[in-house]
1. Can you pull out the residues in region B:60-105 that are of a type outside the set (A, V, I, L, M) and assigned to a strand (DSSP E or B)?
2. Identify, by number, the condition in (1) within 14 Å of B:N208 (Cβ to Cβ); (2) modelled with pLDDT under 90 that A:F239 doesn't meet.
3. Can you name every residue in region B:225-250 that is buried (at least 24 other Cβ atoms within 10 Å of the Cβ), more than 9 Å from chain A (Cβ to nearest Cβ) and more than 19 Å from B:I43 (Cβ to Cβ)?
4. So, in region A:21-43, how many residues would count as being farther than 15 Å from A:E274 by Cβ and under 14 Å from the mean Cα position of the chain (by Cα)?
5. For region A:144-158, indicate whether the set of residues that are within 22 Å of A:A56 (Cα to Cα) and either in a helix (DSSP H, G or I) or not hydroxyl-bearing (S, T, Y) (or both) is non-empty.
6. Considering only residues that are within 14 Å of chain A (Cβ to nearest Cβ) and of a type in the set (F, W, Y), look in region B:24-38 and name the one that is farthest from B:W99 (Cα to Cα).
7. Right, A:R193: within 14 Å of chain B (Cβ to nearest Cβ) and more than 21 Å from A:G83 (Cα to Cα) or not?
8. A:E278 versus (1) free of Cβ contacts under 8 Å to residues at least 24 places away in the same chain; (2) surrounded by fewer than 24 Cβ atoms within 10 Å (Cβ to Cβ); (3) in a helix (DSSP H, G or I): which is the lone unmet condition?
Amino acid sequence: MEFLADVFVTPFVDMVQAPDFLMQVLWEGLVSGILYALIALGFVLIFRSSRIFNFAQGIMVVFAALTLVGLFALGVPAWLSVGLTLVVMFVLAVVIERVVLRPLVGQPDIILFMATIGITLFLIGFGETIFGGENKVMITEELGIPTGDTVLEPFGGLLILQHLDITVVIVATLLVLALLAFLNYTQMGRAIRALGDDHQAALSVGISLQTIWVLVWFIAGIIALVTGIAWGARAGVSFALEVIAYKALPVLMLGGLESITGAIVGGLMIGILEKLFEIYWGQPLLGGNTETWFAFVLALIVLLFRPQGLFGERIIERV
Amino acid sequence: MKHFTKLATAAALGSVLGTAAIAQELYTPNLAYRTGPFAATGIPLMNGQADYMTLLNERDGGIGGVTVDFEECETGYSTEKGVECYERTKADAVVTQPWSTGITLQVLPKTNTDEIPILAPGYGFSPMAYGKVFQWAFNPPSSYWDGASMMMQAISGGDMASLSGTKIVLLHLDHPYGKEPIPLLEKMAEMHGFDLVLIPVGLSQMQNQSSQWLQIRRERPDFVLMWGWGAMNAGAITEAVKTRYPMDQFVGIWWAGHDADLQQVGEDGAGYRSISWSMPQPDAPIMADLEEYVFSRGLSQAEDTDWVFYQRGLVISMILAEGMRTAQQMHDTAEITPAQLRDGLENLEITEERLAELGMSGMVPPFSTSCADHTGHSGGWMLEWDGEKFVQASDLLMPDRDLIRPLEIAAAEEYAEANAPWPVNEACDPES
């Protein structure tokens, strides 16, 4: 009976008794969720256009952030470093398309997936050789990103909003909106969607596979840079950032590998729900650290009922 | 590749010169981690270790006339890779340096049969201090239980009774390393009447600890102790600043006192403390020798040589070198075996005078080891981040050995029983 009360009553009583704390939990979940969604978008864009599950998305986050910090350390002004990092990510996209993907056109999906694991391992070794493995400070102030906080007192309590987090939420939201606009209202964007819908049909009307692949990998690089700045500003830039990218996996399972809406909704759902579960159920009842598995369990439950994810397309193959 | 080259060279010399003698080396592999999420902690430590051995080779021609082959095997702090490295290097090694509590625990039983000493300075399994049971394992100059005891003394101001009724959080990596202090802290909580709250941090949460710090905000602890490693440290310190947790109530173990981690927050981290059995001494005579024989010759990868971790790396290699030197003197041979090195590590005498001879005065408290005491229990200092660097913030603190020793013996005997048949050094007097 006591256990049932701990599960079904106490958490909600805690929420009501300390609404300011609940707001803080929801805010932290929202910030994490937006960042998860952003990483997941990188996966989705590449999967939609090429059917490749890009295992390298995590290391691209690290590589972009390290390049930015490394260029600044060489004396390049902050915003010029951002521009040059984007150039580096574009060159990386071209090289990946030319050297890795193009020779593998027509190969089974698993081969292309394995190729992205190869890209990951290469970028880890290359990055560590060039930049070293030390934790580096993100150039937050130099980029003009605000670092203070705003303290509110809702219900007589305390709610701390970091300006960095507010900036991240705004920038990530704008980036997502820009991506949606690009995909829906530009010729290139529609070409990416066309490839996602039907490869053969898209190719038959003259859409260039090579160009689109370079484009989506470059967009994934832009997303990686924004994500790298956001996470790096929170706790430094190191190869540990790669691990965070794997939090996008349950987001993709939940939202569907092909769905941009799914990536956004899935990211927000997981960010907020895992935080609520950890604070109100995980820590009091299970000893904490439930965020390492909660998102995967949630995604598995969804897959039981919707194998294609919440927003994925149901694929029916007729034999 | 390095070994292949040596092998090829030796074979060529042998074929040309017939019976020509080949110079021996003291092969001391280091299971290093310069890559992955924990590299931030590893790189400066490994640089310090390597530079000290390079100095001995360049300045003195090695130890007792035998050069030291200080080869690194990269583990990325992964237990599986660490065990592979151990297996790959053990054939020629006189020692193994596992560099992770997880790897140490895996390798511990193997070293009994392979008869290779484990050297784990300031890490590993705390009961390894009891040399009667752990004949081949050494964790000088301080164990984690020593560290926990000293941290508790520091936060209590020396009056443990004052902790009664307080709440203390242990924020720890969810890994064997992070769980090491829990038995001692639970015992102390029972004795002194404080509430101990354990908050684990998973590997995937190291850089996103908002949940852990929300819990800390809810619990309102009087103190937070941190057992962090690698990226976890910077993650915790930035979250502490973000949630406005008072820095003077936040204390880390010695692996959570890295300059680079605190630089993430700079001035905002002022007041954060870390217990340490080593003390940076940028003006120590050994630094001048390093400049002359190592840095100026381009033989070092190190950049920030006055940082806590780099200088601790020097001390760690000094402990190994002194063990090898002692073994050479005890057995009257320069080319020592692993068993002879075990004797050396069991008879370390790191005195003030010896530290002065080495040009390392003040870099580590004096300590000595014996067959029953494989740690030495040197004590340590509290270091405090002043916004730019770590500075000394206490006199030498000593662990509560009366409390810890029985726990070490009990845990060691329990370990031996659980892993029976476990060879014990019957000749060793526990009181020695």
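1. Narrowing region B:60-105 to residues of a type outside the set (A, V, I, L, M): B:60-62, B:64-65, B:67, B:69-82, B:84-90, B:92, B:96-102, B:104.
If the condition is that a residue be of a type outside the set (A, V, I, L, M) and assigned to a strand (DSSP E or B), then B:T67, B:D69, B:E72, B:T96, B:Q97 are the ones that fit.
2. Evaluating A:F239 over (1) within 14 Å of B:N208 (Cβ to Cβ); (2) modelled with pLDDT under 90 leaves (1) as the failure.
3. Scanning region B:225-250 gives B:L225, B:M226, B:W227, B:A240, B:F250.
4. 4
5. Going residue by residue through region A:144-158, those that are within 22 Å of A:A56 (Cα to Cα) are none.
The answer is no, given that none of the residues of region A:144-158 is within 22 Å of A:A56 (Cα to Cα) and either in a helix (DSSP H, G or I) or not hydroxyl-bearing (S, T, Y) (or both).
6. Of all residues in region B:24-38, those within 14 Å of chain A (Cβ to nearest Cβ) come to B:32-38.
Restricting the remaining residues to those that are of a type in the set (F, W, Y) gives B:33, B:38.
On the way: B:Y33: 8, B:F38: 11 Å.
Out of the qualifying residues, it is B:F38.
7. So A:R193 does not fit the description; no.
8. (2)
The values are calculated or read from the model by the stated rules, or taken from the named source; none is laboratory data. Because the structure is a prediction, the values reported are computed rather than measured. Cβ atoms come from the backbone with ideal geometry, glycine included; neighbour counts cover every protein chain shown.
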